[in-house]
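Notes for the one structure printed next.
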Amino acid sequence: MELQEKIAVPIFTEVDREVFLKEVYPGRRPAVLRGVDLGPCVERWTVEYLGMKGGEREVKIHVSTVTQMDFLHKNFVYKTLPFNEFVRRASEAKHSDFFLCEDESYYLRSLGEDVRKEPAELSKQFPDLAEDFHIPQFFESDQFFSSVFRISSCGLQLWTHYDVMDNLLAQVTGRKRVVLYSPQDALHLYLNGDKSEVLDIDAPDLKQFPEFVKARRYDCVLEPGDLLFIPALWFHNTLALHFGVGVNIFWRHLSADSYDKKDPYGNKDPVAAARALQTLERGLHALDELPAEYRDFYGRRMVQRIQKRTYCHSPDSETTIPRSLSNKPG
C-alpha cells in the first residue's frame, strides 16, 4: 500500500505571460513550466564559469555531515568561503579541503547586502551572473520581492516548509526532485512554525507522526531549464539529484502592506495572520484559568467557530481549507 496519495505536478509547455496568468496562476496549484527562456545561464553556468564570474566574493553557507539538512534541530554549521571555492567544493563528491568531513554537503542561499534589512537580489549580489539569467515577466514589477541564488551539493535534501509569497523556482543546472503538500493538509504535517517536523518524508516514523500518511504528496522532477510555480503557503521539500544551481523569484500575491516590512527573507506570516495567531494565544491563556472540563468545552466551541468562519470545502477532496486560501484572483 502506498504511504501517501501521490499526485504528479502538471507540466505546461511553451508558457508565456498570458498563458501563465490565464491557465496556471488562477488555480493556485503547483505547476512545472517547461520551455520558458531563462537566458544563456542554462548553457553557461558550468562550475568553471560560475567560479570565474562569481570570483572571490565571500558567501555564508550551510555545511553538514549528513545529506538531510534539518533547520529545526540545526544539524549543520554556518561557514564562510570565497564563492569560487564554495562552488568547487559543492560540485565534488569527496573533498580534499573540508570543514567537518570529506563527504560533507554544502548549501548556499544568497543573502542581501544588509541581511537584516535587504532581501536577496541576484543583480546586486552577483551582477555578472545576473546578466545570464532572464527573470520571467509573469507578474507586475512592483510585486517583485527577491531573487535568491541557490546552489547545493548532489544528494542534499532540504526541510519541508512553506513561504508566504508566490515563488518561481528556476532550476538552471542539474536535476532536482521537489515534493509539495497543499496548505489544506497542514494539520497532517506536524508543524513547528513554518516547518514540518517530519524530516524523512520518504520513510517517516509513523509511530511518531501517524497523521502524516493523510497528507497528499505532489511530486515532480525538475530538469535543467525548468520552472516550478510554488504558490504561497504550499509546503515544499527539495532533493538535489545532481549538483545544481537554481534561482528563486518571489513576488507578493497580496498587497504590499499585507506583509511585515521588516522581513528581508519573506517568510513571516502576513500581518493580519500574525495578529490573529497572537489573539488566539491570548484566548488560550484565558482558558487556562478554567478547570480542565471547562477548557475542553470552550476549546471545542472555539474550534467550531473557527471552522464555521474560515473553512470551506476543497473541490477535489473531502478535506477543508481556509476560505482565504481558495479561489483567490490571479
Q) Among the candidates Asp296, Asp269, Asp263, which residue alone is touching a helix residue (DSSP H, G or I) at 6+ places or on another chain (Cβ under 8 Å) and either farther than 28 Å from Val221 by Cα or among the charged types (D, E, K, R) (or both)? A) Asp269
Q.
Please pick out the residue among Leu239, Leu284 that is closer than 30 Å to Glu48 by Cα and either under 14 Å from the mean Cα position of the chain (by Cα) or surrounded by fewer than 14 Cβ atoms within 10 Å (Cβ to Cβ) (or both).
A. Leu239
**Q.** Odd one out for Tyr190, checked against (1) touching a residue at least 60 places away in the same chain (Cβ under 8 Å); (2) open to solvent by 30 Å² or more (accessible area, probe 1.4 Å); (3) touching an Asp or Glu at 6+ places or on another chain (Cβ under 6 Å)
**A.** (1)
Q.
Regarding the range 165-172, can at least one residue be identified that is farther than 19 Å from Arg28 by Cα and either open to solvent by 10 Å² or more (accessible area, probe 1.4 Å) or not charged (D, E, K, R) (or both)?
A. yes
Q. Any idea how many residues of the range 131-164 are open to solvent by 20 Å² or more (accessible area, probe 1.4 Å) and either more than 24 Å from Ser258 (Cβ to Cβ) or hydroxyl-bearing (Ser, Thr, Tyr) (or both)?
A. 9
Q) Do we have any residue at all in the range 223-233 that's over 19 Å from Ile11 (Cβ atoms) and open to solvent by 20 Å² or more (accessible area, probe 1.4 Å)? A) yes
Q) Out of Lys60, Lys6, which single residue is farther than 30 Å from Leu111 by Cβ and not aromatic (Phe, Trp, Tyr)? A) Lys6
**Q.** Residue list for the range 195-230, filter: in a loop (DSSP other than H, G, I, E, B) and over 23 Å from Phe243 (Cα atoms)
**A.** Glu197, Val198, Ala203, Pro204, Asp205, Leu206, Lys207, Gln208, Phe209, Ala215, Arg216
Q: Check whether at least one residue in the range 293-315 is assigned to a loop (DSSP other than H, G, I, E, B) and surrounded by fewer than 13 Cβ atoms within 10 Å (Cβ to Cβ), and report yes or no.
A: yes
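A quick yes/no check of all residues on (1) within 30 Å of Ile7 (Cα to Cα); (2) in a loop (DSSP other than H, G, I, E, B); (3) at pLDDT below 95:
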{"site": "Ile249", "(1), (2), (3)": "yes, no, no"}
{"site": "Asp257", "(1), (2), (3)": "no, no, yes"}
{"site": "Asp260", "(1), (2), (3)": "no, yes, yes"}
{"site": "His285", "(1), (2), (3)": "no, no, no"}
(Q) Within the range 141-161, does at least one residue satisfy the condition of being out of contact with any strand residue (DSSP E or B) (no Cβ under 7 Å at 6 or more places or on another chain) and without any contact (Cβ under 8 Å) to a residue 60 or more places away in the chain? (A) yes
Q: Please name all residue pairs, on different chains or six or more residues apart, with Cβ atoms under 8 Å, provided the first residue is in the range 288-301 and is modelled with pLDDT of 95 or more and the second residue is aromatic (Phe, Trp, Tyr).
A: Leu290/Tyr298
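The values are calculated or read from the model by the stated rules, or taken from the named source; none is laboratory data. Keep in mind that what you see is a predicted model, and the values were worked out from it rather than measured. When we count neighbours, we look across all protein chains shown, and the Cβ atoms used for this are built from the backbone with ideal geometry, even at glycine. Only protein heavy atoms, including side chains, enter the accessible area calculation; ligands, DNA and RNA are left aside. Shrake-Rupley method; radii C 1.70, N 1.55, O 1.52, S 1.80 Å.
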